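To keep things clear, I will list the structure first and then write my remarks on it.
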Amino acid sequence: MVVVKRRSDALTQPRYSRDDVTTLSDKQNEPQWLCEARRAAWDVYEQTPMPHMEEEWRRTDYRSIRWQEADVMISANGVGEEVVPAKNREPLVGDTQGGLLVFVDGKVVHHEVAPELTEQGVIFTDLNTAIQEHSELVQANLGKAVQAEMGKFAALHAALWQNGVFVYVPRNKVAELPLHVVIYNTKEGASLLHNLVVVEENAQGTVQVDYASAEAEKHSAYFGGTELIVGDAANLRYVSLQEWNRETYDFSHQRAIVGRDANLDWVIGNMGSRLTKAFIEVDIVGKGSNARVSGFFFADKNQFFDLDTQQNHNAPLTTSDLLFKGAAKDNARTLWQGMIKSLPKMQKIDGYQVCRNLVLSDDARMDGIPGLEIEADDVICSHAATFGTLEEQPIFYLMSRGIERPHAQLMLISGFFDELLQRIPFEKVRERLTEEIEAKIVG
Amino acid sequence: MVTTLEIRNLHAQVAANGESILRGVNLTIKQGEVHALMGPNGSGKSTLANVLMGNPQYEITAGEVLLDGEDLLEMDTDERSRAGIFLAFQYPVSIPGVTLANFLRHAINARLKAEDPESKGMPIPKFVRMMREKMNSLGVDHSFAGRYLNEGFSGGEKKRAEVLQMAVLEPKIAIMDETDSGLDIDALRIVAEGIQKLTGPEMGALVITHYQRMLDYITPDFVHVMMHGQIVESGGAELALQLEEKGYDWLREKYGQPEQA
Ligand SMILES: Nc1ncnc2c1ncn2[C@@H]1O[C@H](COP(=O)(O)OP(=O)(O)OP(=O)(O)O)[C@@H](O)[C@H]1O
Ligand SMILES: [Mg+2]
């Protein structure tokens, strides 16, 4: 006889209910369409089992999370932007920027937009305010790219997101100055923010979002959603840098929809968290468009990063260029799973997908699984995952000029990432990230 | 004091397979002297250069190397560099992501810090000025400084970058391993003139080359010929001319083939 041992009474899922959805909508005085959307998402959430052994989760065991700590909704308690580290708050270029929006524990503590942007009709505000002031515009775009049906945590996010960012650059307008969003938590627990960026036809914008949180002992959970809607002939540069504390579990869906003759330049940095499971997806739906997706990650100690990327070519004459570079040391683990897909009969497609891994210790483990599902024949696609360690001959070369071994190693590792950091258009941010990478190398 | 590098009965093998390459090299180089080292392909010239710099690809099996009486082989590669040894590589590796300027600034600061742990390093404006001067004197385009080290450099550019590094680090004993090869005629002249300017009482040089052309610029005080991991013949500047004319066969006949290991 087989004795089935019951799991201990540890929680296996976050403790939320349908009432939480209603309470949230009421509290935020949301329009009918949104209340309904949230309730529908909740239904999906309830019908979807917790992810476990399905292909995209098979290698990612998030069950060490203590839901009884991580599911407690973070609420603001009056602290202001001064708690945010200066390095995150600094203007991106010079001392001007197009706008700065700072969240602390989910609450907006700083909001400014350059008047020249407002005059052009650019909207840069938190999502709750946008829903009150520009309900139709938000309704027309919310959920275009990220939907509850994408998975358990996507459904939870869609049902319970608390606030977020709304960026809107109207047709033919150029938001020259960068818009900067800082999401910072001082408290432990759950947060769910939604970033919706809409760049209309022939418009241009640059946005950077920083995620960070104070050191903590208890677990936190972040259920994120990011939607980038790039219109025809539009141009978006989007930089997202995740530096949560080491007790945070980050589950996020980030997806871009790129129209015709448009250009997307997307940089993703993953440095923080205990565990990250990110779905990063680009859908090129219009002819003649380019998407460049660049990612860097560095895992150390017990960090686990799982980055799933997908490039969907749903239109002919499109190019996508994905380059990820990562390192792992101590007993960290990383996993990259990439996929390029095309619809049938989509000719002249050029897809590139590469993940380069630098393994810095014997106990670290890095995996990379590239994939292609192409149903067209006039196509150039390359995909690869490479793995390497620090090589002795370059170290010898640097040492032969008087540089000590540890410093030589540090230069080589920073050098490995430099190509990617150069894709971030802000020098100060590059410097900050170089320092953070060096701190991880040395630490 | 004149710095002296003394190589005594040096034997070395390839670490990976134990193949013995250097079989008893003896050579003394003093600051201010120019030594040319010639010899057929595969005779062990680059191995000697790399062993002197401490390349972990090789193991020393016998002999010693003294720098002003101190055991060079006991020092780490970076210490050797800071003690004044420099190697211009025959085939420099490329270092993606590290610019030449950034690299050289670290190299200089490592020296300053070794001399004085309190040193804050060379101020950036001073460094930039110094780099410009050195680049001008070697006919190197300023854009070089911002490029990743040797990454995508042509053969000639790599050699120029090596000489530039040598000019910046001002070694006491410089080993140049075929710095004259892979250069077109103009580049050869520029590089050779650059090296000519650097040699003098402050610098001793071991110039590894196959051709007289480089030695037209830097007249060697001594010319040595390496065969089968040993220096078999030494002479003055005229030896190089003789080799250019006659090749190595007369030496092979004179010294015979070494017994196989
Ligand atoms: N790292 C190594 N691994 C294996 N064999 C090596 C290695 N380094 C040198 N050798 C061998 O040792 C011998 C001497 O090589 P070395 O490069 O020192 O010659 P060289 O005199 O510099 O030749 P060249 O004039 O062609 O540059 C060669 O047979 C070479 O194949
Ligand atoms: Mg050689």
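The values are calculated or read from the model by the stated rules, or taken from the named source; none is laboratory data. Since we're looking at a predicted model, the values are computed, not measured. Glycine gets a Cβ as well: all are built from the backbone with ideal geometry, and neighbour counts include every protein chain shown. Ligands, DNA and RNA are stripped out before the accessible areas are found, and what is left, the full protein with its side chains, is counted by its heavy atoms. Shrake-Rupley method; radii C 1.70, N 1.55, O 1.52, S 1.80 Å.
Among the residues making up region B:33-57, those that are open to solvent by less than 30 Å² (accessible area, probe 1.4 Å) and more than 22 Å from residue B:255 (Cα to Cα) are B:34, B:49, B:50, B:51, B:52, B:53, B:54, B:55. When A:61, A:26, A:71, A:19 are checked against the criterion of being touching a Pro at 6+ places or on another chain (Cβ under 6 Å), assigned by TED's automatic domain parsing to the domain that holds residue A:132 and either surrounded by 15 or more Cβ atoms within 10 Å (Cβ to Cβ) or more than 16 Å from residue A:157 (Cβ to Cβ) (or both), a single residue qualifies: A:71.
Is it true that some residue in region B:90-105 is within 16 Å of ligand 1 (Cβ to nearest atom), surrounded by fewer than 21 Cβ atoms within 10 Å (Cβ to Cβ) and of a type in the set (Lys, Arg)? Scanning region B:90-105 turns up no residue that is within 16 Å of ligand 1 (Cβ to nearest atom), surrounded by fewer than 21 Cβ atoms within 10 Å (Cβ to Cβ) and of a type in the set (Lys, Arg).
Of the residues B:221, B:177, only one is more than 16 Å from ligand 2 (Cβ to nearest atom), closer than 29 Å to residue B:107 by Cβ, touching a strand residue (DSSP E or B) at 6+ places or on another chain (Cβ under 8 Å) and not hydroxyl-bearing (Ser, Thr, Tyr); which? Just a single option satisfies the conditions, and that option is B:221.
Screening the candidates B:60, B:7 for the property of being surrounded by fewer than 17 Cβ atoms within 10 Å (Cβ to Cβ), among the aliphatic types (A, V, I, L, M), within 16 Å of ligand 1 (Cβ to nearest atom) and under 21 Å from residue B:206 (Cα atoms) yields one hit, B:60.
If you go through region B:198-214 and keep only what is within 15 Å of ligand 1 (Cβ to nearest atom) and surrounded by 24 or more Cβ atoms within 10 Å (Cβ to Cβ), you end up with B:206, B:207, B:208, B:214.
For every residue, the table says whether it meets (1) open to solvent by less than 60 Å² (accessible area, probe 1.4 Å); (2) not charged (D, E, K, R).
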residue	(1), (2)
A:93	yes, yes
A:112	no, no
A:121	yes, yes
A:127	yes, yes
A:133	no, no
A:152	yes, no
A:173	no, no
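Suppose we keep only residues that are in contact with a helix residue (DSSP H, G or I) (Cβ under 7 Å, 6 or more places away or on another chain), more than 10 Å from chain B (Cβ to nearest Cβ) and in contact (Cβ under 8 Å) with a residue 60 or more places away in the chain within region A:381-440. Which one would you say is nearest to residue A:268 (Cα to Cα)? Looking at residues that are in contact with a helix residue (DSSP H, G or I) (Cβ under 7 Å, 6 or more places away or on another chain), more than 10 Å from chain B (Cβ to nearest Cβ) and in contact (Cβ under 8 Å) with a residue 60 or more places away in the chain, I get A:424. Highlighted here are the helices (runs of 4 or more DSSP H) found entirely within region A:351-443 that include at least 3 residues which are open to solvent by 60 Å² or more (accessible area, probe 1.4 Å): A:405-421, A:427-442. Evaluating residue A:166 against the criteria (1) touching a helix residue (DSSP H, G or I) at 6+ places or on another chain (Cβ under 8 Å); (2) over 15 Å from residue A:245 (Cβ atoms); (3) surrounded by fewer than 24 Cβ atoms within 10 Å (Cβ to Cβ) leaves one unmet condition, (3).
How many of the residues making up region B:186-208 are over 24 Å from residue B:68 (Cβ atoms) and touching a Leu at 6+ places or on another chain (Cβ under 7 Å)? Residues meeting the conditions: 3.
If you go through region B:171-187 and keep only what is surrounded by fewer than 21 Cβ atoms within 10 Å (Cβ to Cβ) and closer than 14 Å to residue B:138 by Cα, you end up with B:186, B:187.
Residues in region B:45-64: is at least one free of Cβ contacts under 8 Å to residues at least 40 places away in the same chain and more than 16 Å from ligand 2 (Cβ to nearest atom)? Yes, because at least one residue in region B:45-64 is free of Cβ contacts under 8 Å to residues at least 40 places away in the same chain and more than 16 Å from ligand 2 (Cβ to nearest atom).
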